[in-house]
Amino acid sequence: MPLQDVRLLTTPFDPGALIGSFPKASPNLGAICTFVGEVRPEHDVEALELTHYEPLTLPAMRELAGIACARFDLVGLIMVHRIGMLHPGEPIVCVSAGSTHRRSAIDAVDFTMDHLKSAAWFWKRELRPDGWHWIEPREQDYSDLARWK
């Protein structure tokens, strides 16, 4: 059974500390690929607020992790996502995949992030000098997701 660590956090996290469990996950570990998304300071963003649909979010994230583990034959997958109020430079999400070969780990992270960006259970809005602005997925996000079908 692959290691699966799927969490929603309301406080800041250290992405480097998350991947420490992989070396113990399997003697077959050959690759770890990690993506960390941070709040960008573009457009004078002062804060980012992430809300979600609580009954669905964590179960759906766990289901996504299971799909990624099976599809890419992973040793493990870590998926941590923040909710609440964040500020520029803070990590929003960390997805880390461990596998026996690099391509599986890289593809698993890309697959997972494409789903989190476009088919996720989060609502985002940015606080800028002129007020709050809702953030919708971009057309490119939907195109990225479509390539996995």
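The values are calculated or read from the model by the stated rules, or taken from the named source; none is laboratory data. From a predicted model like this one, the values you see are computed outputs, not experimental measurements. In this analysis, Cβ positions are derived from the backbone assuming ideal geometry, glycine residues included, and neighbour counts consider all displayed protein chains. Protein only, heavy atoms only, side chains kept; ligands, DNA and RNA dropped before computing areas. Shrake-Rupley method; radii C 1.70, N 1.55, O 1.52, S 1.80 Å.
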Q. Which whole-number percent gives the relative contact order of segment 18-107, counting Cα pairs below 8 Å spaced six or more residues apart?
A. 45
Q.
What does the extension gain come out to for L56 and L127, with contour length at 0.36 nm per residue minus their alpha carbon separation?
A. 23.0 nm
Q) In segment 43-98, which trypsin sites (Lys or Arg not before Pro) fall in coil by DSSP and have 14 or fewer other Cβ atoms within 10 Å? A) none
Q) Just the accessible area per residue of the chain, please: how many Å² with a 1.4 Å probe? A) 55
Q: Quick one: net charge around A119, please, counting Lys, Arg +1 and Asp, Glu -1 for every other residue with C-beta under 12 Å from its C-beta.
A: -2
Q: Could you please state how large a percent of the accessible area of segment 52-135 is carbon and sulfur, counting protein chains only and using a 1.4 Å probe?
A: 55
Q) What is the Cα centroid distance between segment 27-85 and segment 123-149, reported in whole angstrom? A) 15
